[in-house]
Amino acid sequence: MTKMRSLVLLLMVSCLWAGASVPTAAAVEHAVPPLAGSVVRGFDPPDQPWLSGHRGVDLLSTVGSEIVAAMAGRVVFAGTVAGRGVVVISHGELRTTYLPVRPLVPVGTFVSAGQVIGQLLAGHDCFGGVCLHWGLKRDQAYLDPLGLLDQAEVRLLPADAAARVEQLIDLRGRALAGGHGLPGVLSRPVPGAVGSRFGMRLHPIFRVRRLHNGVDLHAGCGDPIRASAPGRVARVSYDSASGHRLEIDHGNIGGHHLVTIYMHATGYSVRTGDRVQRDEVVGRVGSTGWSTGCHLHFSVSLDGRYADPEGFWQ
Ligand SMILES: [Zn+2]
Ligand SMILES: [Zn+2]
């Protein structure tokens with residue numbers, strides 16, 4: 001190897017090194033929001049790593065909006081993870097993540113704060129529409145990305161971002177505690193109409209009055225059953241009453257623990273511990289257990305008590 005070539009190599013290595021170690025303090029001073037949308041979901045890390053929570057913040061926007069780098073740094077990932085477009089930027093010891101995003105910068109690109117790195121795609125569930133999920137990590141620890149912005153910049157988002165998030169969380173908590181449900185939290189697991197509602201009814205098989213602890217939804221044999229919200233499969237079981245039964249744990253919403261239960265399926269395609277996305281197909285409608293024909297029985301458990309599922313969708 002010539003002396004010249006080693007010098008070039010050495011220069012390249014030192015450039016990469018310099019880029020990789022953007023001084024954290026300086027970078028933080030120059031943080032900008034990755035887009036101008038309102039914060040509709042705040043940072044809410046789970047108590048345990050396996051529980052669901054929210055390891056970033058959601059900014060409300062529209063599909064196709066430009067996403068900019070929050071701080072100067074180097075793109076260390078630009079591609080898809082589990083079917084979602086993701087960009088990760090390294091800022092020395094901090095890393096920021098942006099998803100779901102169509103990346104417009106290749107890995108290795110040095111970007112400045114405010115430089116366009118991609119366009120927002122659909123796919124991240126949030127209150128009110130399409131959101132960018134913005135995350136911040138130091139080693140394995142998730143941090144609140146809003147902490148990067150100084151007061152003036154937080155005010156640039158919506159004037160009252162923090163207050164609105166507080167309000168939303170409070171509203172969710174009170175709506176749930178009042179037993180009124182929370183429209184929009186769950187989507188319908190099958191599109192069919194409600195046949196039998198939640199509440200006291202004459203049981204169709206036993207001819208006695210008892211609590212119908214969910215809703216019966218019209219559906220054809222073999223129709224797909226979709227997860228009502230993102231979560232983790234808590235249990236897949238079979239008993240003579242429920243037939244094939246599935247429980248999905250959606251974690252805490254506004255301080256309340258939400259679980260959805262699906263019954264009478266021919267079977268489920270997910271297993272205990274699996275993570276599921278909203279609207280992901282988890283099984284097929286059937287008539288197993290105490291059932292008089294193909295339909296989906298769907299229950300909602302809030303803090304361990306049955307609640308009317310119709311209060312949770314629009
Ligand atoms: Zn999010
Ligand atoms: Zn039922």
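Each reported figure results from applying straightforward, stated rules to the coordinates on display, with no laboratory input. Just so you know, these numbers come straight off a predicted model, no measurement behind them. Every residue, glycine among them, receives a Cβ derived from its backbone with ideal geometry; neighbour counts consider all protein chains shown.
Subtract the Cα-Cα distance of VAL116 and ASP144 from 0.36 nm times their separation in residues, and report this length gain in nm to one decimal. Numbers along the way, then the final one.
Details: separation 28, 0.36 × 28 = 10.08 nm, distance 2.17 nm.
Extending this stretch completely gives an extra 7.9 nm.
Quick one: net charge around LEU296, please, counting Lys, Arg +1 and Asp, Glu -1 for every other residue with C-beta under 9 Å from its C-beta.
Working: positive: none; negative: ASP216, ASP223.
Here the count lands on -2.
What area, in nm² and to one decimal, does the C-alpha convex hull of the stretch 194-311 cast on average over all directions?
Values: hull surface 27.0 nm².
Result: a mean projected hull area of 6.7 nm².
State the extension gain, in nm to one decimal, for the chain segment bounded by THR272 and LEU211, taking 0.36 nm per residue of separation less the distance between their alpha-carbons.
Net length gain for the segment: 19.2 nm.
Multiply the residue separation of SER196 and VAL81 by 0.36 nm, subtract the distance between their alpha-carbon atoms, and state the gained length in nm to one decimal.
Full-extension gain reported as 37.4 nm.
By the scheme Lys and Arg +1, Asp and Glu -1, what is the net charge of all other residues having a beta-carbon under 12 Å from that of ASP249?
Working: positive: ARG232, ARG235, ARG275; negative: GLU247, ASP274.
Summing Lys and Arg as +1 and Asp and Glu as -1 gives +1.
On a C-alpha basis, how far is the centre of the stretch 236-284 from the centre of the stretch 81-103 in Å? Whole number, if you could?
Spelled out, the Cα-based centre of one part sits 30 Å from the other.
Before anything else, pin down the relative contact order of the stretch 194-311: Cα pairs under 8 Å, at least 6 apart, normalised by residue count, whole percent.
30 percent
Ranked highest first by the average count of other Cβ atoms within 10 Å around their residues, in what order do 228-237, 100-109 fall?
My ranking of the peptides, most packed first, is 228-237, 100-109.
Sort 304-310, 269-275 by packing, meaning the average of other beta carbons within 10 Å per residue, with the highest value first.
Top to bottom by mean Cβ count within 10 Å: 304-310, 269-275.
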